[in-house]
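Throughout, read-outs are computed from the coordinates displayed, never taken from laboratory work. Keep in mind that what you see is a predicted model, and the values were worked out from it rather than measured. Using ideal geometry, Cβ is built from the backbone for each residue, glycine included, and neighbour counts are taken over all protein chains shown.
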Amino acid sequence: MGTVVSAHAADGSTNAADATPQRGQRLKVRLLLNSALSGPHAFFCLAQERGYFADAGLDVEFAAGDGAASVVPRIPQEGFDGGYGDLCALIKLAGLRPDNCPVAVHVAFNQTPLTVGVRRVGPIRTPKDLEGRVIGGHPIDAAIEAFPAYAMAGGIDASRVSILRSTTSMTTLAEDVLNGHADGVFGFVHTIIAALAAKDIDGRAGLRFLEYRDLVPDLYGNALMLTPAFLRQHPDAARALVAAVNRGIVETLADPQAALEATRKMAPKFAQHVDGPRLMGTLNVEMAHPEAQRIGIGDIDDGRLQRSIQMLATSCHLPRTPKPEEIFTRAYLPPLAERARPRAQAGNGDHA
């Protein structure tokens, strides 16, 4: 397991779903993130620093994960109470192994961040140009997991795309593309850009991004998800957790720099020139779908979710088609008027 960060760590802790705190004690909640704490997690850090989890009677412990897709199966496998991972990966797991599958309670990314990064001056100009190419990515990468849906929507013969799975760093994968050793790299747009920025390389100048949201706009991205056991045993704690996360997002949108300062204190590898742009890109694109002005960040459009489920079930040949209620519940969201809304200047940003 990766680095664990808890502002109120206690000795002898157990899984929150198996323990009821004594009066006056905080309920420990173990959450698996998609990576180590970084800019896009700033709202978690701000909520932690300002005591919103503690005020709700929660001792939230964040563990560093190894990708948004791998979060989903690891939650039940490793005894986490929940996590922050990719909704497409959740749909796939529910279609393959529905028993004890986590449920999304707050969808932060109302636009998918998934992409294929290719050389800006290279031969790949359109999605169809991916045929006959070698695209690298991590072993369990959310963009690889959802690629069948992207390929189906773009008329791409997925069998003609060679996927090279590697445990090397995202920086190396992206550099391989820039250096001509690979034709493309799967990942999150801002993760790829940040990985190169850490080595003072301008990813926007060297790469163009074939973004999934352009072909499959119904797909959602990262979501806070909790286990059925936690929801069953601690419904009030689940509601309080979501409310604290929502408050963290509201205040991050209002003061991103304060959120970054909170992240700096919790993230050992924090770098302003990397994490600052990464957070702003997340706020201005992945958390800024127009529907969020109407329903708030955290909620989903039922029609979009149903279409996403059907698209992934068909393209990935899932043995069963999950029901929407297996994937998401809005029962734990704060009232509509209290939900975060996208920044006024945000919208359909362009990474091309």
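Give the cross-link partners of Lys265 among the aspartates and glutamates, using a straight C-alpha distance below 14 Å as the criterion and excluding same-chain residues fewer than 8 apart.
Glu49, Asp275
What FRET efficiency would be calculated for the residue pair Asp202, Leu336, taking the C-beta separation as r and a Förster radius of 30 Å, to the nearest 0.05?
Once the sixth-power term is evaluated, E becomes 0.15.
Tell me, what ³J(HN,Hα) does each residue in the stretch 98-104 have, in order and in whole Hz, if you take phi through Karplus 6.51 cos²θ - 1.76 cosθ + 1.60 with θ = phi - 60° and put x for Gly and Pro?
x, 4, 6, 6, x, 10, 6
Set Lys and Arg Cβ to +1 and Asp and Glu Cβ to -1, take the dipole of the stretch 198-323 about its Cα centre, and tell me which of Cys316, Asn284, Gln257 lies farthest positive.
Result: Cys316.
Taking θ as phi - 60°, what are the ³J(HN,Hα) couplings along the stretch 285-290 by the Karplus curve (6.51, -1.76, 1.60), each to the nearest whole Hz, with x for Gly and Pro?
Once θ is set to phi - 60°, the couplings for the stretch 285-290 become 10, 5, 10, 10, 4, x Hz.
Would you grab the residues whose amide H sits under 5 Å from the one on Val161? Only those 5+ places off in sequence or on another chain, please, with H modelled 1.01 Å from N.
Amide H to amide H, under 5 Å and 5 or more residues apart or across chains, Val161 pairs with Gly132.
In the stretch 32-107, which GluC sites (Glu not before Pro) are in a loop and have at most 14 other Cβ atoms within 10 Å, using DSSP for the loop call? Each step should come with its number before you reach the end.
Working: sites: Glu49, Glu61, Glu78; in loops: Glu78.
Passing both the DSSP loop test and the Cβ count: Glu78.
Quote the FRET efficiency, to the nearest 0.05, computed for Thr126 versus Ser166 with a Förster distance R0 of 30 Å and r equal to the Cβ-Cβ distance.
Values: r = 25 Å, r/R0 = 0.84.
Once rounded, the FRET efficiency stands at 0.75.
Sequence-distant or interchain residues sharing an amide H contact under 5 Å with His289, placed H: which?
Asn110, Gln111
Hey, rough spin-label estimate for Arg304 and Arg232, points 7 angstrom out along Cα→Cβ, what's it come to in nanometres?
About 3.1 nm separates the two model spin labels.
Can you tell me how much longer the chain between Asn284 and Ala254 gets when fully stretched, taken as 0.36 nm per residue apart minus their C-alpha distance, in nm with one decimal? Don't skip to the answer; put the middle values down first.
Numbers: separation 30, 0.36 × 30 = 10.80 nm, distance 1.26 nm.
Gain in length upon complete extension: 9.5 nm.
I'd like the Karplus ³J(HN,Hα) series for the stretch 307-319: coefficients 6.51, -1.76, 1.60, θ = phi - 60°, whole numbers in Hz, and an x wherever there's a Gly or Pro.
So the J values, rounded to whole Hz, are 5, 4, 4, 5, 5, 6, 4, 6, 5, 9, 6, 5, x.
Amide H neighbours of Asp299 under 5 Å, at least 5 residues apart or on other chains, H built in the peptide plane: list them.
Under 5 Å from the amide H of Asp299: Val107.
Please identify every one of the trypsin sites (Lys or Arg not before Pro) in the stretch 69-144 that sits in a loop by DSSP and has no more than 11 other beta carbons within 10 Å of its own beta carbon. Numbers along the way, then the final one.
Working: sites: Arg74, Lys92, Arg119, Arg120, Arg125, Lys128, Arg133; in loops: Arg120, Arg125, Arg133.
Taking the stretch 69-144 and a limit of 11 other Cβ atoms within 10 Å, the loop trypsin sites (Lys or Arg not before Pro) found are Arg125.
Given R₀ = 22 Å, FRET efficiency for Thr329-Asn100 by Cβ-Cβ distance, to 0.05? Working shown, then result.
Numbers: r = 16 Å, r/R0 = 0.71.
Here the calculated transfer efficiency is 0.90.
Mind putting a number on the dipole of the stretch 223-352 about its Cα centre? Charges go on the C-beta only, +1 for Lys and Arg and -1 for Asp and Glu, and I need it in Debye to the nearest 20.
For this selection, approximately 200 debye.
Past 30 Å, Cα to Cα, is the threshold; run Lys28/Lys269; Lys92/Lys199; Lys28/Lys199 against it and keep the listed order.
With Cα atoms farther than 30 Å apart: Lys92/Lys199; Lys28/Lys199.
Can you tell me the dipole magnitude for the chain around its Cα centre, using point charges on the Cβ only (Lys, Arg +1; Asp, Glu -1), in Debye to the nearest 20? Mind dumping the intermediate values first?
Working: 35 positive and 38 negative charges, 37 e Å.
Roughly 180 debye for the chain.
In the stretch 127-285, if the dipole is taken from +1 on Lys/Arg beta carbons and -1 on Asp/Glu beta carbons about the Cα centre, which of Ala182, Pro235, Met170 is farthest to the positive end?
Pro235
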